[in-house]
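The values are calculated or read from the model by the stated rules, or taken from the named source; none is laboratory data. Since this is a predicted model, take the numbers as computed values, not measurements. No Cβ is skipped: glycine too gets one built from the backbone with ideal geometry, and neighbour counts run over all protein chains shown.
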Amino acid sequence: MFHRSVSVLDADTRGGLYYSDVSTTNSGGGKRLEVVTVNARGFGRSIFLHSPELEAYSYPEDNPFRTERAAMTREILVSHGMLSGRGRAEHEASAAERDVLEKFHVRRYLDAIVAAEGGQLDIEGLQMGLGTPDCPVFRGMYECAALACGATLTGAHLILDGRADVAFNPAGGHHHAGPATASGFCYVNDVALGCLMLAERHRRVLYIDVDVHHGDGVQDAFYDRSDVMTISLHQNGRTLFPGTGFPGDIGVGDGRGFSVNAPLPPGTYDEQYMRAFGAIVPPLAGAFDPDVIVLELGMDGLSGDPLGGLKLTNNVYADIIETIMGFGKPILATGGGGYHPGNTARAWALAWCIFCGEGGHDDLVGLGGIMLENTDWIAGLRDRVLVVEAVEAGEIEEAVSDTIRAVEANVFAIHGL
Ligand SMILES: [Zn+2]
């Protein structure tokens, strides 16, 4: 599937891409971890999922969630000539059918969305989270959510049928929605449904969530199951919505050890984020041995995001994607948060380039120049490296170390690490 070359990942290495050519020992207890890194060229088949109809819908003007980010991403890619060519293609998706949505959502909730849209929002609908500032009632809300979900599920089908190695739906990633709850701009949980569909077909699913917010809806959906492992890295719930996702939350029953949470302090920057990711995700991925990865790629962790408090650049997401591609499994990737539309769209465009085996090198995409605002951006897709004050860096490093230790203590032993 992917072209591969073998190297060794060192979970203790700080900075850089965490790859080295020599065997090393990780901090989890002397286990040697081998991962596969992806060759810079030729990544099989990457499919970009697109719903033209989705462009007709948008959340109310005063809501920070902008559906147009998916179309913006596509425009950037078209202008870079990145949507066609060897090993890549675009695929149009249609809305998910009602009976498919009912595999995760309860009927009364779906009825309540339709009713609210028609002007019938009752107490039950309000209790389900509809008509709130985060999840307002607006024209086309059901269709909008079903279209975003349809594209994610189309991606899951393409992977199941062996027609895609990577499927990317920037309009998806609505990870907060519950079976009967709208939450955090999310009405229909396309990522939970994607994981469900893959698990239904007996695939072991590793769900990785790098949105700045905890992936609570997806975690809760699989909290007692061992066939879907969820790993969420997010800004600490004590400082950000939805206030959940602590290292002690590890799943129950058969699912004990299969929910993994890495809360990170406000101000976390690329090097520390990658240190946490490298220490936690590759060892668990190696132990869990998934058949497929579902990646929620919210971009609200980027520095300058109006809702998130992390200080990441899009370079760290490029590094994360390269690491995940190194697992050598098909990837169903979605968007998610990201409330600076320009920076978000550019980061998703960069992500697509990495999925296609391009953009990991400066000579292919060029070095960009944004720091905090899109207006500083000069050219290319990549952000400029962000400088972090030493005092602040020390505090963040300590908090990240605490999180890594807590995750190791809570779940590594369960997986023989
Ligand atoms: Zn988010």
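Per-structure values
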read-out: Thr313 more than 16 Å from the ligand (Cβ to nearest atom), of a type in the set (Val, Ile, Thr) and under 17 Å from Asp383 (Cα atoms); value: yes
read-out: Selection status of Glu97, modelled with pLDDT of 95 or more and either surrounded by fewer than 20 Cβ atoms within 10 Å (Cβ to Cβ) or aliphatic (A, V, I, L, M) (or both); value: yes
read-out: Hits in the stretch 194-235 - residues which are closer than 18 Å to Gly308 by Cα and touching a helix residue (DSSP H, G or I) at 6+ places or on another chain (Cβ under 8 Å); value: Asp209, Val210, Gly215, Ser232, Leu233
read-out: Filtered residues of the stretch 214-233 (kept if within 16 Å of the ligand (Cβ to nearest atom) and in contact (Cβ under 8 Å) with a residue 60 or more places away in the chain); value: Gly215, Val218
read-out: Candidate set: the stretch 49-87, residues that are of a type in the set (Ser, Thr, Tyr) and in a helix (DSSP H, G or I); chosen: the one modelled with the highest pLDDT; value: Thr73
read-out: Matching residues in the stretch 258-294 - criterion: being of a type outside the set (A, V, I, L, M), outside any helix (DSSP H, G or I) and either more than 16 Å from the ligand (Cβ to nearest atom) or surrounded by fewer than 23 Cβ atoms within 10 Å (Cβ to Cβ) (or both); value: Phe258, Ser259, Pro265, Pro266, Gly267, Tyr269, Asp289, Pro290, Asp291
read-out: Condition check for Leu297: within 16 Å of the ligand (Cβ to nearest atom) and either farther than 27 Å from Ala413 by Cα or among the aliphatic types (A, V, I, L, M) (or both); value: yes
read-out: All positions within the stretch 394-408 that are over 18 Å from Thr239 (Cβ atoms) and in contact (Cβ under 8 Å) with a residue 24 or more places away in the chain; value: Ile404, Val407, Glu408
read-out: For Ile250: the one exception among (1) within 16 Å of the ligand (Cβ to nearest atom); (2) out of contact with any His (no Cβ under 6 Å at 6 or more places or on another chain); value: (1)
read-out: Helices (runs of 4 or more DSSP H) wholly inside the stretch 88-189 containing at least 1 residues that are touching a Leu at 6+ places or on another chain (Cβ under 6 Å) and within 30 Å of Cys353 (Cα to Cα); value: 141-160
read-out: Residue list for the stretch 317-348, restricted to those being surrounded by fewer than 24 Cβ atoms within 10 Å (Cβ to Cβ), away from the ligand (no atom under 16 Å from the Cβ) and in a helix (DSSP H, G or I); value: Ala318, Asp319, Glu322, Thr323, Gly342
read-out: Residues (in contact with a Gly (Cβ under 7 Å, 6 or more places away or on another chain) and either away from the ligand (no atom under 14 Å from the Cβ) or among the aliphatic types (A, V, I, L, M) (or both)) located in the stretch 234-247; value: Leu240, Phe246
read-out: Complete set of residues in the stretch 48-92 that are surrounded by 21 or more Cβ atoms within 10 Å (Cβ to Cβ) and touching an Asp or Glu at 6+ places or on another chain (Cβ under 6 Å); value: Phe48, His50
read-out: Criterion violated by Asp211 - all others in (1) among the charged types (D, E, K, R); (2) in contact (Cβ under 8 Å) with a residue 40 or more places away in the chain; (3) farther than 25 Å from Val114 by Cβ; (4) part of a helix (DSSP H, G or I) satisfied; value: (4)
